[in-house]
Amino acid sequence: MRVWGGRFGEENDLRVADFTRSIEVDRELAADDIAGSIAHVRGLARAGLLTVEELATLVDGLNALAEGVAAGSIEWDPALEDVHLNLEVALTERVGPVAGKLHTGRSRNDQIAVDERLYLRDVIAGARAGLRRVQDALVARAAETIEAPLPGYTHLQRAQPIVLAHHLLAYVFMLQRDRERFGDCGARASTMPLGAAALAGTAFPIDLDALAKDLGFAGVSPNSLDSVSDRDSLLEFLSAAAITGMHLSRLAADLTLWATAEFGFVEFSDAFATGSSIMPQKKNPDVAELIRGKSGRLYGNLVAVLTTMKGLPLAYNSDMQEDKEPFFDSVDTLDAILSVMPPMLASLAFRTDRMRRAAGENFATATDLADYLVRKGMPFRQAHVVVGKIVRFCETEGKSLEGMSVVELRRFSPMFEDDAKDAVTVEASLRARAVTGGTAPDAVRRSLALARSLIARA
């Protein structure tokens, strides 16, 4: 069946039908397509284009189709091109010729646009809920580790002591921005494209404001060309998903690195690890590695749709049919990541003893010794040079900063006094960084309270 076949004198080549059909992909939108159609026929009735009896017949038929979609009992006919035509034919079989009025004042162009936005609303809500569960898991682990020192790194080299909770909370705040990005995407997508028809707007006096209210949109799209020709709402979702994937990939990368024998900071539970087919001793962090790897899919899907859209003249073009497969794949990929991450985080065994030892090694408190000299009146640049020389001396002599006597320190500067050694302990280093956002335990407690407050807002 071709709803557009009237002006054609011959049938399409069979290869064209195979090449252009999308039902295998866009049937995912069936429930949203039906919801849009129910609202549309109510709008037609308000405009006097359907009788009360016709409205009731169509709504009953569409509700029956919705039940079939929910139950998985709808049989999709690949000969019927797309989800819209499949549902229209199924409706005709149920209610008869009155189903032919369903498409009055509507095009598949604005129909698919509204379907996608309705679907997007649900998946945004799901993504934000999933992110909150990950945040809750991180907050729970952070609450346990406020007093647990950990080496902080720059360039993957030990830099300064922090506490483990501080590290975990960094990801909580990243994910909070991700949740906000998805929320912003949903707000911008809350304009209704239905009523744009093919591109110029419907010719019938349909109350689009009422239609938007019926469908839960904040308003009506102010430009019919824009309504049917852009997919920036999907692109914004794909972008937010890619950024989220990047953040979770970095967290997974940290955990994967920490699980190595060289670090030994964390052990994955057996429930979230796998073994080797040849090496009996292996315990591999496959779940974390796959979280890291799946970020590539999220990136690729964003780039695929951006590339599809970049050269399209207004308004609708069939190229836009290619937006759905990458979109649905990102929805599924992100959902899978967000489902497995919270229980994996909850099951981790942190080796805080190993972390504490490492936090005080490799001259991690050298900056604190320079800060000590600054407090005594020395310019920081000069203090940096002095402490750099002390570090080089320690490396040569096989000493640690804590192992330096005051007499030895005074060889490098007379400003060192008996309290100098107190400045280079891990605990002193942590306590000193009590500013907002710092790693001092008291500052981290404030940060933890803020994180809980932000998460609870929505």
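The values are calculated or read from the model by the stated rules, or taken from the named source; none is laboratory data. Treat the numbers as computed from the prediction; the structure is a model and nothing was measured. No Cβ is skipped: glycine too gets one built from the backbone with ideal geometry, and neighbour counts run over all protein chains shown. All accessible areas refer to the heavy atoms of the entire protein, side chains included, with ligands and DNA or RNA removed. Shrake-Rupley method; radii C 1.70, N 1.55, O 1.52, S 1.80 Å.
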Residues of the stretch 368-391 being touching a Leu at 6+ places or on another chain (Cβ under 8 Å) and open to solvent by less than 10 Å² (accessible area, probe 1.4 Å), in sequence order, are 369, 383, 387, 390
Filtering the stretch 1-58 down to residues that are charged (D, E, K, R), in a helix (DSSP H, G or I) and modelled with pLDDT under 75 yields 7, 18
Picked from the stretch 193-223 (must be within 23 Å of residue 314 (Cβ to Cβ) and not in a loop (DSSP other than H, G, I, E, B)), the residue farthest from the chain's Cα centre (by Cα) is 208
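Against the definition (open to solvent by 70 Å² or more (accessible area, probe 1.4 Å) and part of a helix (DSSP H, G or I)), how does residue 452 come out, yes or no? Lay out the reasoning, then the answer.
Values: open to solvent by 70 Å² or more (accessible area, probe 1.4 Å): yes; part of a helix (DSSP H, G or I): yes.
Answer is yes for this residue.
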For residue 162, the lone unmet condition from (1) under 32 Å from the mean Cα position of the chain (by Cα); (2) closer than 17 Å to residue 35 by Cα is (2)
Looking across the stretch 297-327 at residues that are assigned to a helix (DSSP H, G or I) and of a type in the set (Lys, Arg), the single one that is nearest to residue 230 (Cα to Cα) is 324
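Residues of the stretch 392-435 being assigned to a helix (DSSP H, G or I) and open to solvent by 70 Å² or more (accessible area, probe 1.4 Å), which ones?
In the first step, residues of the stretch 392-435 are kept if they are assigned to a helix (DSSP H, G or I); the result is 392-397, 406-410, 418-424, 426-432.
Scanning the stretch 392-435 gives 392, 395, 396, 397, 407, 410, 418, 421, 422, 427, 431.
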Does residue 133 satisfy the condition of being more than 20 Å from the chain's Cα centre (by Cα) and either surrounded by fewer than 21 Cβ atoms within 10 Å (Cβ to Cβ) or at pLDDT below 95 (or both)? no
**Message:** I'd like to know if the stretch 328-338 contains one or more residues that are under 30 Å from residue 149 (Cα atoms) and within 19 Å of the chain's Cα centre (by Cα).
**Reply:** yes
Filter the stretch 289-311 for residues that are open to solvent by less than 50 Å² (accessible area, probe 1.4 Å) and over 16 Å from the mean Cα position of the chain (by Cα); the one that is nearest to residue 255 (Cα to Cα) is 304
| query | Can you find even one residue in the stretch 408-424 that is touching a strand residue (DSSP E or B) at 6+ places or on another chain (Cβ under 8 Å), aliphatic (A, V, I, L, M) and under 30 Å from residue 141 (Cα atoms)? | reply | no
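Please go through the stretch 349-367 and pick out each residue that is open to solvent by 10 Å² or more (accessible area, probe 1.4 Å) and not aromatic (Phe, Trp, Tyr). Break it down into steps so the answer makes sense when it comes.
First, the residues of the stretch 349-367 that are open to solvent by 10 Å² or more (accessible area, probe 1.4 Å): 349-354, 356-357, 360-363, 366-367.
349, 351, 352, 353, 354, 356, 357, 360, 361, 362, 366, 367 - these are the residues of the stretch 349-367 that are open to solvent by 10 Å² or more (accessible area, probe 1.4 Å) and not aromatic (Phe, Trp, Tyr).
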* Asked: Is there a residue in the stretch 340-352 that is basic (Lys, Arg) and in a helix (DSSP H, G or I)?
  -> no
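Is it the case that some residue within the stretch 140-156 is assigned to a helix (DSSP H, G or I), modelled with pLDDT of 95 or more, over 30 Å from residue 316 (Cα atoms) and hydroxyl-bearing (Ser, Thr, Tyr)?
Within the stretch 140-156, the subset assigned to a helix (DSSP H, G or I) is 140-144.
Narrowing further to those that are modelled with pLDDT of 95 or more: 140-144.
Among the residues that remain, those that are also over 30 Å from residue 316 (Cα atoms) are: 140-144.
With hydroxyl-bearing (Ser, Thr, Tyr) added as a condition, the list becomes none.
No, every residue in the stretch 140-156 fails to be assigned to a helix (DSSP H, G or I), modelled with pLDDT of 95 or more, over 30 Å from residue 316 (Cα atoms) and hydroxyl-bearing (Ser, Thr, Tyr).
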Residue within the stretch 138-151 that is out of contact with any strand residue (DSSP E or B) (no Cβ under 9 Å at 6 or more places or on another chain), open to solvent by 10 Å² or more (accessible area, probe 1.4 Å) and free of Cβ contacts under 8 Å to residues at least 60 places away in the same chain present: no
In the stretch 247-288, residues that are over 20 Å from residue 135 (Cβ atoms), among the aliphatic types (A, V, I, L, M) and crowded, with 16+ Cβ neighbours inside 10 Å total 3
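The rows are residues; the columns are (1) open to solvent by less than 50 Å² (accessible area, probe 1.4 Å); (2) touching a residue at least 40 places away in the same chain (Cβ under 8 Å); (3) not acidic (Asp, Glu).
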{"site": "172", "(1), (2), (3)": "yes, yes, yes"}
{"site": "181", "(1), (2), (3)": "no, yes, yes"}
{"site": "187", "(1), (2), (3)": "no, no, yes"}
{"site": "193", "(1), (2), (3)": "yes, yes, yes"}
{"site": "198", "(1), (2), (3)": "yes, yes, yes"}
{"site": "203", "(1), (2), (3)": "no, yes, yes"}
{"site": "207", "(1), (2), (3)": "no, yes, no"}
{"site": "228", "(1), (2), (3)": "yes, yes, yes"}
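Across the stretch 436-447, which residue is nearest to residue 368 (Cα to Cα) among those that are of a type in the set (Val, Ile, Thr) and open to solvent by less than 50 Å² (accessible area, probe 1.4 Å)? Steps first, answer last, please.
Residues of the stretch 436-447 of a type in the set (Val, Ile, Thr): 436, 439, 444.
Remaining after also requiring open to solvent by less than 50 Å² (accessible area, probe 1.4 Å): 439, 444.
On the way: 439: 14, 444: 19 Å.
That would be 439.
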Within the stretch 251-296, the count of residues that are free of Cβ contacts under 8 Å to residues at least 12 places away in the same chain, in a helix (DSSP H, G or I) and within 18 Å of residue 164 (Cβ to Cβ) comes to 2
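Kindly evaluate residue 92 against the criterion of being assigned to a loop (DSSP other than H, G, I, E, B), under 30 Å from residue 228 (Cα atoms), open to solvent by 30 Å² or more (accessible area, probe 1.4 Å) and among the β-branched types (Val, Ile, Thr). First the steps, then the outcome.
On the way: assigned to a loop (DSSP other than H, G, I, E, B): no; under 30 Å from residue 228 (Cα atoms): yes; open to solvent by 30 Å² or more (accessible area, probe 1.4 Å): yes; among the β-branched types (Val, Ile, Thr): yes.
Taking the combined requirement at face value, the residue does not satisfy it.
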